[in-house]
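Participant: Can you read through this structure? Questions will come right after.
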């Protein structure tokens with residue numbers, strides 16, 4: 001039996017779960033792979049002797065400099081000092097497995113360059129959608145496919161909130177409170193509900209699909225805080241459910257990356273993904289449509305992904321020179337240009353308050369018509385006093401044209417307020 | 001750029017699609033992997049020069065004996081002569097990729113033994129669920145997980161038929177005709193509708209999960225021909241949809257493998273998998289519940305899986321000694337015992353015709369009670385003349401007890417006919 005030494009930095013939920021999984025299934029892994037994974041050092045500033053036993057250390061350098069550790073697992077999260085630790089591990093000739101989405105999204109380019117220079121591999125399956133093996137699937141299983149779209153429910157917190165709003169008719173605040181009670185949302189839920197967490201995952205997915213490092217700052221982001229019960233209800237009436245999607249599209253070297261609430265048709269596989277589950281829908285030329293579904297967070301599912309990366313690298317260390325595939329796709333970056341969100345074409349859902357009198361729709365329609373935006377469906381909702389609720393679905397149009405038209409429409413004397421504009425997608 | 005020579009035997013739908021995919025995306029694969037896959041020989045008894053060009057040959061031995069071919073793709077299907085060809089390729093030191101479910105299900109044991117003896121690997125992703133990377137996922141991505149259940153919609157033909165019956169209220173014959181018109185069912189649909197095709201896939205999934213070779217003949221099999229519109233309607237009323245499932249469960253070394261129509265709760269992810277799509281639901285200890293969804297048949301999706309195996313083996317050939325994982329899990333066979341279907345515990349849906357008079361249900365209930373089978377739900381449907389339709393859902397019970405009870409119930413003077421017995425599952 002070959003032995004491979006591993007070390008862990010960061011013993012929070014994920015790091016602790018990795019240790020527990022190794023204890024529980026280490027002999028099964030050995031039986032399957034012929035390799036015994038031996039935890040030599042596990043570092044955290046907090047005392048974690050209860051979890052790591054005699055491998056515990058307060059000093060990350062004991063992991064980074066251990067001569068018998070071949071694989072360093074980084075599960076501390078955040079950029080600093082995780083980045084320094086990961087780069088040090090790489091310089092010391094160690095493979096790295098990380099669950100750190102922020103680190104890979106922001107500094108993947110530098111990290112992968114260092115890894116290549118030092119002949120080691122950095123794997124990061126757990127950084128996107130917890131237990132779902134989406135990066136491995138894109139990288140290995142669809143290696144013969146041209147991938148044109150990856151659309152994912154990549155944040156469990158917001159999916160839980162939107163599911164509750166949809167299925168139990170709760171408002172945003174109430175649904176958020178329930179998510180917090182269930183432990184699906186942090187005390188400060190900002191990073192989840194404003195789309196920031198999903199943006200990191202979108203950047204990583206975009207990299208694996210295209211080879212391009214997209215700065216998270218350049219990714220269009222819209223959270224779910226403006227979604228109301230009314231929007232969810234009206235969307236339902238016209239056959240849609242609202243989901244926060246990370247959308248990556250790649251066509252002819254042109255890359256779209258964005259995160260925003262989206263009206264997903266009821267018939268689409270993503271529409272049925274509820275509660276805190278994640279799922280990633282992929283469109284590729286040979287395989288067609290496929291979807292990968294599971295828990296996107298939590299200690300055990302995330303540890304499952306960490307361990308699959310560790311096993312891949314352990315096999316590589318035992319058996320190979322430079323085998324088991326490149327760390328991700330090799331695609332020349334310069335080929336890819338990031339499409340501006342203004343230039344993206346799509347359909348749109350609008351909800352607005354107008355005066356309830358003849359000619360209102362004619363006025364709105366004519367503004368759209370001038371911008372060559374055509375209206376697919378109009379539903380006039382309840383009228384209160386002299387104010388009508390108007391829901392409009394716009395046909396495939398360029399975002400800039402719609403924005404320009406809406407600016408004009410908001411100034412019409414018949415229009416009281418544009419309540420919400422949500423993209424319709426996943427067609 | 002490293003070159004790897006490949007050969008194909010069998011140029012039907014799948015083999016032809018592999019050639020087309022290689023032509024279309026060969027340079028993309030080379031860019032991603034650093035390996036150029038070169039088709040050296042492609043054999044079929046039918047003239048396929050139009051597809052294979054100068055690689056075409058009528059003689060499979062030109063593939064099997066070609067000194068520069070490292071990977072032989074077998075896409076001819078059936079046992080003979082595919083088995084002889086695969087064994088010859090193995091003896092000649094060539095890795096093998098096959099899409100042949102019947103061959104692997106029936107003769108996997110012999111083939112893997114030969115491969116091990118000759119130091120080559122046989123991969124067979126395309127043999128189960130076409131393009132869905134389920135075997136790779138079980139083998140690599142869930143390598144740290146104890147897998148307790150794999151339940152799959154693994155046959156697109158029957159899923160299409162059942163979906164049509166469910167969503168468009170068609171009868172079996174009508175739905176089958178539509179499936180044939182769409183090319184989703186063969187002129188002779190027996191192998192699909194009687195569950196035989198799903199049994200092969202169940203055997204392969206069971207092997208990957210447990211390491212045990214289960215003879216397809218020993219797998220309990222029930223097709224969909226007895227499912228009526230009435231069953232689908234009544235199932236819907238109590239919150240279920242009927243799917244043909246291949247079910248594999250592994251607990252404490254005890255293995256269950258079976259294929260039968262199943263009432264799947266509407267809330268289960270498999271319930272939403274419609275038309276000719278396949279999906280495999282997996283329950284494992286670290287990851288929890290996950291599902292993998294896509295097209296389970298068709299040239300392009302199947303070719304996608306074939307090519308992912310080819311790429312894995314090509315990387316191994318270029319870079320490694322014995323890397324990239326064992327051909328499947330290494331689990332000692334003797335540890336696994338196949339559970340008899342009579343001993344399996346589950347819930348059941350019954351539909352029967354009874355006389356419409358007081359005391360009928362009391363009589364039926366008392367028979368079940370004697371066998372300690374408890375009734376969860378009873379719905380009395382329309383009564384015509386003196387005959388009532390009774391739908392009963394039984395609580396978790398041993399199949400043998402239910403069968404014994406039903407034998408007695410069928411002899412009650414108040415019971416005219418037991419129309420159908422369907423397992424309730426995927427809880």
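Participant: Starting with the fewest neighbours, write out A:414, B:121, A:262, A:57 ranked by other beta-carbon atoms found within 10 Å of each beta-carbon.
Facilitator: So the residues, fewest neighbours to most, are A:414, A:57, B:121, A:262.
Participant: Moving to a separate point now. By its C-alpha gyration tensor, with a ≥ b ≥ c as the square roots of the eigenvalues, how is chain A shaped: rounded for a/c under 1.5, else prolate for a/b larger than b/c, else oblate?
Facilitator: prolate
Participant: Another question, if that's okay. One decimal, nm, shortest first: give the distances between the label point of residue B:387 and those of the same position in the other copies, each label point 7 Å from Cα along Cα→Cβ.
Facilitator: Label-point distances to the other copies, shortest first: 6.2 nm.
Participant: For the pair residue B:68/residue A:400, report the inter-label distance in nm, with labels modelled 7 Å from Cα in the Cβ direction.
Facilitator: Once both label points are built, they end up 5.1 nm from each other.
Participant: In addition: Taking a ≥ b ≥ c as the square roots of the eigenvalues of the Cα gyration tensor of the range B:164-250, is the shape rounded (a/c under 1.5), prolate (a/b larger than b/c) or oblate?
Facilitator: Judged from the Cα gyration tensor, the range B:164-250 comes out oblate (a/c at least 1.5, b/c at or above a/b).
Participant: Now for a different question. Angle between the Cα long axis of helix B:13-33 and the longest principal axis of chain B, 0 to 90 degrees, nearest 10?
Facilitator: 60 degrees
Participant: In Å, what is the Rg of the alpha-carbon atoms in the range A:99-253, and how long is Dmax?
Facilitator: So, for the range A:99-253, Rg and Dmax equal 17.2, 56 Å respectively.
Participant: Peptide A:268-281: average number of partner chain Cβ atoms within 10 Å per residue?
Facilitator: 2
Participant: Right, another one. Which distances, in nm and shortest first, link the residue A:230 label point to the same label point in every other copy, taking 7 Å along Cα→Cβ?
Facilitator: 5.0
Participant: Any idea what the relative contact order of chain B is, in percent, if you count C-alpha pairs under 8 Å spaced at least 6 apart?
Facilitator: The normalised contact order for chain B reaches 16 percent.
Participant: If we count other beta carbons within 10 Å of each Cβ, what is the order of B:63, A:379, fewest first?
Facilitator: Ascending Cβ contact count within 10 Å gives the list A:379, B:63.
Participant: Then there's this: Relative to the longest principal axis of the C-alpha atoms of chain A, give the angle of the C-alpha long axis of helix A:360-370, reported between 0 and 90° and rounded to the nearest 10°.
Facilitator: 60 degrees
Participant: Between residue B:370 and residue A:91, how many nm apart are label points set 7 Å from Cα along the C-beta direction?
Facilitator: 8.2 nm
Participant: Shortest first and in nm with one decimal, please list how far the residue B:80 label point sits from its counterparts in the other copies (point 7 Å along Cα→Cβ).
Facilitator: So the distances to the same position in the other copies read 7.4 nm.
Participant: Sticking with this one: Taking 7 Å along the Cα-to-C-beta vector as the label spot, tell me the residue A:167-residue B:418 distance in nanometres, rounded to one decimal.
Facilitator: 3.5 nm
Participant: Going by how many other beta carbons lie within 10 Å of each one, how would you line up B:193, A:387, fewest first?
Facilitator: So the ranking, lowest neighbour count to highest, is A:387, B:193.
Participant: Shape of the range A:200-285 from its Cα gyration tensor (a ≥ b ≥ c, root eigenvalues): rounded if a/c is under 1.5, otherwise prolate when a/b > b/c, or oblate?
Facilitator: prolate
Participant: For every helix of n ≥ 4 consecutive DSSP H residues, a contribution of -39,500 (n - 2.57) applies; sum these over chain A, divide by its total residues, and give [θ] at 222 nm rounded to the nearest 500 deg cm²/dmol. Walk me through the numbers on the way to the answer.
Facilitator: Details: 13 runs with 152 residues, N = 427.
My calculation for chain A gives -11000 deg cm²/dmol from helical runs alone.
Participant: Quick check: convex hull of the Cα atoms in the protein assembly as shown, volume per residue, rounded to a whole Å³?
Facilitator: Details: hull volume 160.2 nm³, N = 854.
Here the figure is 188 Å³ per residue.
Participant: Compute the long axis of helix A:299-319 from its Cα atoms, compare it with the longest principal axis of the Cα atoms of chain A, and write down the angle in degrees, 0 to 90, nearest 10.
Facilitator: That works out to roughly 50 degrees.
Participant: I need the per residue convex hull volume for the range B:251-326, using only the alpha carbons, in cubic angstrom as a whole number. The partial results should precede the final answer.
Facilitator: Working: hull volume 12.2 nm³, N = 76.
Convex hull volume per residue, Cα atoms: 161 Å³.
Participant: Residue separation times 0.36 nm, minus the C-alpha to C-alpha distance between residue A:251 and residue A:267: what's the value?
Facilitator: 3.3 nm is the gain from fully extending residue A:251 to residue A:267.
Participant: On alpha-carbon atoms, Rg over Rh for the range A:1-127 using Kirkwood Rh?
Facilitator: With Rh from the inverse mean 1/r over Cα pairs, Rg/Rh is 0.95.
Computed from the coordinates by the stated procedures, all read-outs in this text should not be read as laboratory data. Keep in mind that what you see is a predicted model, and the values were worked out from it rather than measured. In this analysis, Cβ positions are derived from the backbone assuming ideal geometry, glycine residues included, and neighbour counts consider all displayed protein chains.
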